[in-house]
Amino acid sequence: MKPELFDDSLDACRGAKAAGMHAIGVYDPYFDVSEVEMRKLCDRYIHSFTELVEA
């Protein structure tokens, strides 16, 4: 299983990608200014964990 990270911090996602991990960015209003960059960097970007649940 490939290591994964779920985080709302751009720096944490950068570190995960640098380590070869799959990174999923999670929306947080505190880090709202980083959303555009996180969308480019992360393998996926979500606003809610419910987006990961298949119906």
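The values are calculated or read from the model by the stated rules, or taken from the named source; none is laboratory data. For clarity, every value in this text was computed on a predicted model and none was experimentally measured. Quick reminder, even Gly has a Cβ in these numbers, built from the backbone with ideal geometry, and neighbours come from all protein chains shown.
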- [ ] Looking only at the stretch 39-52, decide whether some residue is surrounded by fewer than 10 Cβ atoms within 10 Å (Cβ to Cβ), modelled with pLDDT of 95 or more and under 11 Å from the mean Cα position of the chain (by Cα).
- [x] yes
Open item on the list: Going by what's in this entry, would Phe31 be described as surrounded by 15 or more Cβ atoms within 10 Å (Cβ to Cβ), aromatic (Phe, Trp, Tyr) and in a helix (DSSP H, G or I)?
Closed with: yes
Task: Unique match (being out of contact with any Lys or Arg (no Cβ under 9 Å at 6 or more places or on another chain), free of Cβ contacts under 8 Å to residues at least 12 places away in the same chain and not in a loop (DSSP other than H, G, I, E, B)) among Lys17, Lys40 - done: Lys40
Open item on the list: Can you tell me which residue is surrounded by the most Cβ atoms within 10 Å (Cβ to Cβ) among those in the stretch 1-28 that are closer than 12 Å to Arg44 by Cβ and small (Gly, Ala, Ser)?
Closed with: Gly25
